[in-house]
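First the structure, in the form of structure tokens, and then the observations on it.
Every number in this text was worked out from the coordinates using simple rules, so none of it is lab data. What you see is a predicted model, and the numbers here were worked out from it, not measured in a lab. Virtual Cβ from ideal backbone geometry, glycine too; neighbours counted across all protein chains shown.
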Amino acid sequence: MSRASQLTEQVLDLVGDRAEAEVVASTGNLALTRFANSFIHQNVAEVGEAVSLRVAVDGRVASAKTTTTGSETLAAFVDGALETAALQPVDEDWPGLAPPRAVPDVVHADDATYDASPQARAAIVKDFVDSGPGMLAAGYCQTEGRSIAFANSAGQAAEGRQTNAIVDGIHQTATSAGTGHAASAAIGDLDGAVIGRIAAQRAIDSATPFDAKPGEYEVILAPEAVGTIAIFLAFYGFNGKMLEEGQSFVDLGTKQFDERFRFWDDVTDPRALGVPFDTEGTPKRRLELVEDGVTRAVAHNRKTAKKAGVEPNGNNVPGAEGWGPIPTNLFIGGGDKTVGDLIADVERGIYVSTFNYCRILDPKTMVVTGLTRNGTFMIENGRITDAVTNMRFTQSFVDALGDGKILGLGDDARFADSEFGPGITIVPTMHLGSWNFTGGAEG
Amino acid sequence: MFEYATAAVEGALAAGATYADARAVVSKQESIDVQNQAVRSLDRTEQAGIGVRALIGSSWGFFATADISRRSAAAAGERAAEIARASAIVPGDPIEFADVDVVRDTYETPFVEDPLTIPLSEKVDLLIGVTKTMQGVDGIAIATGNLTFYDTNKWFVSSQGHRIHQHLVESGGGFDATALGERESQRRSYPQSFGQYETGGYEVIRKWDFAANAGRVAEEAVALLTADELDERETDLILEGSQLALQIHESVGHAIELDRILGWEAAFAGTSHLQLPKLGSFRFGSDLMNITADATLPGALGTFGYDDEGTKAQRVPIVDHGTWVGVLSGRDSAAIAGLPPGGMVRGDGYNRLPMVRMTNVGLLPGDSSLDEIIADTKDGVYMATNRSWSIDDKRLNFQFGTEIAWEIKNGKRGRMLKNPTYTGIGPVFWGSLDRLAGDDEWIHWGTPNCGKGQPIQVAHTGHSAGPGRFKNVRVGVRG
């Protein structure tokens, strides 16, 4: 039995029959080697254990978390949670605990990543830095390994291991920057030199930018930009709590998007990261969010599912009481065109490598403002002609994907970084008919 | 706990570090969330552990463990040294440390009522009460309230002889009401979006008098549904204090971080439009723009005794009558810039590397008042309470949205306006500042959610501000 499972059993034993209880325990490590000005300037690692406990005493619910996991400390931790719950008003919407259910038999973990050394991360960084001679490199290489166990007093138990390895960085000239990114469960899949060369080439290509006139443009969005669209749609729209409260744009069963748009969540995909159950112990399964432009489902945890009268689909996350359930293994369906083919289809438009600092103005309309960053280019007559200085946009993400608006999809779906972080979205390059740029980044 | 931090430092030195420091940290957090008169969550979190930093040659290593024992702490020091050696695979220039006084001291946040000993029922009842009041207003669909309290003990030891214990107490919270229309949602918050946070005890919550403001906030949210949209144009813009505080945070506070200026944050948070050779001469704003970074302000959220490098909290001039004169720095970044260290390096918990963070970066007050500023405005708009914020990676181009605005015509506040936004370029915008309210309307606004670093860290920062007016600002930008 893993240490994480020992902890969940220990805590459940401490609760005994005093309450309904669910426990999540994790053990493991996180290490991140960070570089800037072409040298490693921050290099960190941590090991630790954490226990989260939620108890319900006759519908009175309280939660507690701790990183201190000695036996005496855990006993006090459990008693504290129970005492807190007893003081609570009854939660009329308490959905009860997840029943015993098998979880999908998928493991996204790699031993070499779990045990990755600082030397291994530094070697990847060195390859990235060396791939851009004469340029300033900045970014990071991360490895993470965790064992996660869940158990509740209703008899549900699950356990999983997960790892991730990420390299992400930029190369900079005096006037520009270009970005590269890769993520996987296995550090062996990362090639710092390949990612570094992509970043370096983007920086070189965008070294002499001009200020494009604001306005509506066709756009080719690279996977990082599409990844940000995906996570904004998921967080603010395909979210059972936002829908129940009337704050989501989602209208189930309605064709809200272009028919080329396919959007789903699937932890069972071999490319995905994470464990196949959520923090309530509910098994995850493939969830079709949008099929051929038609909105089909939203993410649920036990509480939102109960209110909606549907089954929970395994998307509870820490903090979901506030912002709701969020799908975290997102995919957007790709097409059969190369990036070159997509660019060739554009008479006049803009290629965007990444978005930056995006913020929502209204979740119901999904109007978002943000900027482009690390490689923005003008496209004319089917080819990239010039680099463009960063631009600000104010655009509804739903409208941008509306009927007839998706003009092409790339064959290059991959893990893309996003505004909410890496390891969440696997998406392709996308050709959209219109994007509203409202100004240049420097006035 | 000093003995464990000391063991960590000794472990790093024994493994070859030329400098090491360590923090043993025990932090408690209590957070209560209520929505529509029901407790949405009640969380208590306790984190404890040791983080140790080791310097070997030109390279740093950092390691953290939640296992608090002498043996584990010493091993953590050794691991930090090992990581520093790995950093030397891609080495930088030699690192110098600006000198600071070696201190043995204690510091405690002044507070009246320990927030963690206030009965839970009192806190829950307060939030249930304000959400009930807000729900009593026709048209309010969602009424939420939150209280969060932080109690942090830190024991800092360095190989140079520092030995500092700090006990920091922070309290805050707020509430908001959301009204839903056919294809829009409108929200009003109090005291500001995400709540108001300060150093201090439960007296902070009592001071803000939640109950007296719940009804007004809800009525404004409903009224926004039928308000006119703000048209896109250039006009005089009056900002309410909390929005001006966020404007300072985003367009000044981050721009003056020395690690950003030196390129250390280039890939993630970004760099800065400010260049060190222009320190002392760059015009950041109008003569009315006087900004300090002051970690000694009583009650402000970014107040402490010492930073996480053992440097004493201090007040540093940042902008003097519109001229950029100062930065936020730590011991290594200050040495590179040839400046005295500002004592602005902090880590988010035991397991995060201390880095340059804002303290209390705020404006000094002017001599006017909101009423006088409105009376002096022929044609303009008054915006209050942040709703959205976005700014580029050099901290130049910003676009902010606020929850609410009012038209100003011929010196009088007129019709309510919804979905207000404004956009600009930092130094141009600050150059247009021409009126500032005075001491009576000055507040140390607190920002409890400043994200920076990888792995991500959240810092608590303060920003003193009151209402101010900016000339000829582009407003009403929409998609």
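Some values worked out for this structure:
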read-out: Partner chain coverage, peptide A:356-366 - average Cβ within 10 angstrom; value: 6
read-out: Above-threshold pairs, the threshold being 24 Å between Cα atoms, out of A:K284/A:K364; B:K207/B:K412; A:K126/B:K154; A:K307/B:K132; A:K65/B:K132; A:K303/B:K452; value: A:K284/A:K364; B:K207/B:K412; A:K126/B:K154; A:K65/B:K132; A:K303/B:K452
read-out: Share antiparallel - DSSP beta bridges, the stretch A:194-344, percent rounded to 5; value: 90 percent
read-out: Rounded to whole Å, sorted largest first: equivalent-ellipsoid semi-axes of chain A, Cα gyration tensor; value: 40, 27, 17
read-out: The stretch A:109-264: proportion of alpha-carbon pairs further apart than 19 angstrom, %; value: 69 percent
read-out: Rounded Å value of the spacing that divides the Cα centres of the stretch B:31-90 and the stretch B:130-146; value: 40 Å
read-out: Cross-link partners of B:K409 among lysines (Cα-Cα below 24 Å; sequence separation of 8 or more within a chain); value: B:K378, B:K418, B:K471
read-out: Formal net charge of residues neighbouring B:L147 (Cβ-Cβ distance under 9 Å; K, R +1; D, E -1); value: -1
read-out: Percentage of interatomic Cα-Cα distances in the stretch B:2-226 larger than 33 Å; value: 41 percent
read-out: Taking B:T152, A:T113, A:T175, A:T372 and counting other C-beta atoms within 10 Å, the order from fewest to most; value: A:T175, B:T152, A:T113, A:T372
read-out: Volume per residue that the Cα convex hull of the stretch A:3-202 spans, once the total is divided by residue count, Å³; value: 156 Å³
read-out: Fully extended contour minus Cα-Cα distance, from A:N37 to A:R348, at 0.36 nm per residue; value: 108.4 nm
read-out: Helix axis angle, B:2-14 relative to chain B longest principal axis, alpha carbon, degrees; value: 60 degrees
read-out: Share, in percent, of DSSP beta bridges within the protein assembly as shown that are antiparallel, nearest 5; value: 90 percent
read-out: Degrees separating the helix B:70-87 axis from the principal Cα axis of chain B, which is the longest one; value: 80 degrees
read-out: Inter-label distance for B:R71 and A:V107, nm, one decimal - labels placed 7 Å from Cα along Cα-to-Cβ; value: 2.9 nm
read-out: Modelled FRET efficiency - R0 25 Å, B:M416 with B:N472, Cβ distances, 0.05 increments; value: 0.65
read-out: Given chain A, longest segment not containing exposed loop trypsin sites (Lys or Arg not before Pro) (DSSP; at most 14 other Cβ within 10 Å); value: A:102-285
read-out: For B:R435, residues with placed amide H under 5 Å, excluding near neighbours; value: B:R469
read-out: Extension gain (nm, one decimal) between A:M1 and A:D269, 0.36 nm per residue minus Cα-Cα; value: 93.8 nm
read-out: Label zone at A:A86, where the point sits 7 Å out along the Cα-to-Cβ direction: the stretch A:1-41 residues whose backbone N lies under 15 Å; value: A:15-20
read-out: Per-residue ³J(HN,Hα) for the stretch B:427-432, Karplus 6.51 cos²θ - 1.76 cosθ + 1.60, θ = phi - 60°, Hz, x for Gly and Pro; value: x, 5, 4, 5, x, 8
read-out: Dipole in debye (nearest 20) - chain A, about Cα centre, beta carbon charges: Lys, Arg +1; Asp, Glu -1; value: 420 debye
read-out: Rounded Å value of the spacing that divides the Cα centres of the stretch B:248-323 and the stretch A:319-337; value: 37 Å
